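The structure under discussion appears below in the form of structure tokens.
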């Protein structure tokens, strides 16, 4: 089999730069800059990324060892005696941490970690059956799976319950981990395991073969990554089959389901779907896979459902923090405008899935509205899911608490901690992108990025204290003086737009304007798809300076969001704030924010590793960034506060 060595944005594995060498003709029109070409030196993000590398990744490996997740592979491979431990989907947790560790190795060589992975991969390889099949619960238990997992396997045959067996879901994460490990180390040990398994699945699923789909989408993303690195059409075709087969039963019973097929987005063909339904994480992984297929095949029929569903989410189902999902809906979407605060689900994995999908939507369209949602989700919906220490986690992320919520050191279903472990090191890959001879500056994070424009590599250096301050300085260093474009995202929040819909609205209009200069000379801002474009002949050392107004904003919700009527939320820049009882005489849920406010911002370096707080000294009120709540003991918390409008 022929392999293609490529430069990629590993977090999304949009191996766009490989497409022509791999024989493909179409792809995302905008290319992400690989996280390996971006170096973060940022007071906000650098500590979080280091904590993930030094604490979260090793901690997740430790818990995978302690809970039998890693032993399951050794037992399945005959390397040790024992019984299967844990849930049917536990294999996926190990794969996700391997993926995160591979990202870490790509930028931080670590011989001890690489040796650890070698030993772990040997166990995974031993667990693989002769024909390529890999699922440790099936291999270990052999019979009685339906009884052991409450009927989730239907019977003891392979693929008998694709909706909930999670065989396909788990190996999707295997494929992602294998590609990441190969590109980080050059070793094919895990990649060979993944390819053998994928070849088996391609031989068994498809037209004229097994007509079924995974209940938990993920394999679609993984198969596309294998296609990108090998150029083998069968992987792409099978990924597309799993998407196109959804909703097609051909007069038979729905794909083996024993529950509502909407839960798995299998209720109608993808191109006919118009609103998000069912399990949020499954849906977001599906939409990410559909975006990949749309980009690679050039089939525009996929774009209509993606855009229609995105508009529905952003207009009716998105929490202020950029996440989604409601309790009592089986980790799923609620009805339109159903956004309760105490019963908000907002699974951490859903936040990560939303970032993955919105990044792809930007790469398809060049529209900054998708990055606005990504940024909101990143600073609020995702970051809340892991503690500042890096070893406790939230599964749900509610917008209000009566004091009972605490981050947990682990979960029986540990998808969220392991997803954090792989997502955090991917963040640098979201900062920049390019198309032709134009650069996109998507996020404002201090550090450097190398953008390989045609015939002229360009280094960009960002200096900023964002999100606490609105000044961003970008030094441009092209290899040679030349004309090219630099497109800088002007965030929606700086243009008096909370989100790209009427779901949330700023109650006061900020008249302060975004300013942009090059070498001290003012640049008139003319927006195209939310970007301020600057095209000129750039010289080494040219300096772009942008100032974003960072005033405190009051937010109200659409009238359809019944629970938030008569309430107000606070934002500043990309940060959503909340009140905790510990700062407000024990109260948060019953706090009232006066109409006549005297709110001020103060950066407190000793509080919560350094945060900017909003306070009103006269009314003894203080709010902290939402991502930092639940670090100081049990306490009430509220994002939406009662508004005194008498």
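The values are calculated or read from the model by the stated rules, or taken from the named source; none is laboratory data. In this text the structure is predicted, and so the values were computed from the model without any measurement. Neighbour counts run over all protein chains shown; Cβ positions are idealised from the backbone, glycine included.
Per-structure values
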{"item": "Filter result for the condition that a residue is assigned by TED's automatic domain parsing to the domain that holds residue 34, within 18 Å of the chain's Cα centre (by Cα) and in contact (Cβ under 8 Å) with a residue 60 or more places away in the chain, over 388, 383", "result": "383"}
{"item": "Some residue of region 200-222 being more than 21 Å from residue 266 (Cβ to Cβ) and crowded, with 24+ Cβ neighbours inside 10 Å", "result": "no"}
{"item": "Hey, residue 423 part of a helix (DSSP H, G or I) and within 26 Å of residue 285 (Cβ to Cβ) or not", "result": "yes"}
{"item": "Single residue of 293, 313, 309 found to be in a helix (DSSP H, G or I), modelled with pLDDT of 95 or more and under 30 Å from residue 411 (Cα atoms)", "result": "313"}
{"item": "Residue among 146, 125 that is without any contact (Cβ under 8 Å) to a residue 40 or more places away in the chain, surrounded by 14 or more Cβ atoms within 10 Å (Cβ to Cβ), in the same structural domain as residue 98 (by TED's automatic domain parsing) and closer than 29 Å to residue 241 by Cβ", "result": "146"}
{"item": "Some residue of region 352-374 being closer than 20 Å to residue 630 by Cβ and under 17 Å from the mean Cα position of the chain (by Cα)", "result": "yes"}
{"item": "Test: residue 445 is in a loop (DSSP other than H, G, I, E, B), closer than 24 Å to residue 493 by Cα and touching a residue at least 60 places away in the same chain (Cβ under 8 Å)", "result": "yes"}
{"item": "Lone unmet requirement of (1) in the same structural domain as residue 471 (by TED's automatic domain parsing); (2) part of a strand (DSSP E or B); (3) more than 20 Å from residue 432 (Cβ to Cβ) for residue 505", "result": "(1)"}
{"item": "Sole residue being at negative phi and buried (at least 17 other Cβ atoms within 10 Å of the Cβ), chosen from 604, 599", "result": "599"}
{"item": "Number of the exception - residue 324 against (1) part of a helix (DSSP H, G or I); (2) in contact (Cβ under 8 Å) with a residue 40 or more places away in the chain; (3) touching a helix residue (DSSP H, G or I) at 6+ places or on another chain (Cβ under 8 Å)", "result": "(1)"}
{"item": "Among residues of region 71-81, those that are in contact (Cβ under 8 Å) with a residue 40 or more places away in the chain and either farther than 20 Å from residue 168 by Cα or surrounded by 24 or more Cβ atoms within 10 Å (Cβ to Cβ) (or both), counted", "result": "7"}
{"item": "Failed item in (1) under 24 Å from the mean Cα position of the chain (by Cα); (2) more than 29 Å from residue 119 (Cβ to Cβ); (3) crowded, with 24+ Cβ neighbours inside 10 Å, with residue 153 passing the rest", "result": "(1)"}
{"item": "Total residues in region 258-289, condition assigned to a loop (DSSP other than H, G, I, E, B) and under 27 Å from residue 28 (Cβ atoms)", "result": "10"}
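Residues checked against (1) modelled with pLDDT of 95 or more; (2) surrounded by 15 or more Cβ atoms within 10 Å (Cβ to Cβ); (3) in the same structural domain as residue 478 (by TED's automatic domain parsing):
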{"site": "519", "(1), (2), (3)": "yes, no, yes"}
{"site": "530", "(1), (2), (3)": "yes, yes, yes"}
{"site": "533", "(1), (2), (3)": "yes, yes, yes"}
{"site": "560", "(1), (2), (3)": "yes, yes, no"}
{"site": "563", "(1), (2), (3)": "yes, yes, no"}
{"site": "569", "(1), (2), (3)": "yes, yes, no"}
{"site": "573", "(1), (2), (3)": "yes, yes, no"}
{"site": "593", "(1), (2), (3)": "no, yes, no"}
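This table checks each residue for (1) under 23 Å from residue 180 (Cβ atoms); (2) touching a strand residue (DSSP E or B) at 6+ places or on another chain (Cβ under 6 Å).
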position	(1), (2)
376	no, no
391	yes, no
394	no, no
411	no, no
416	yes, yes
419	yes, no
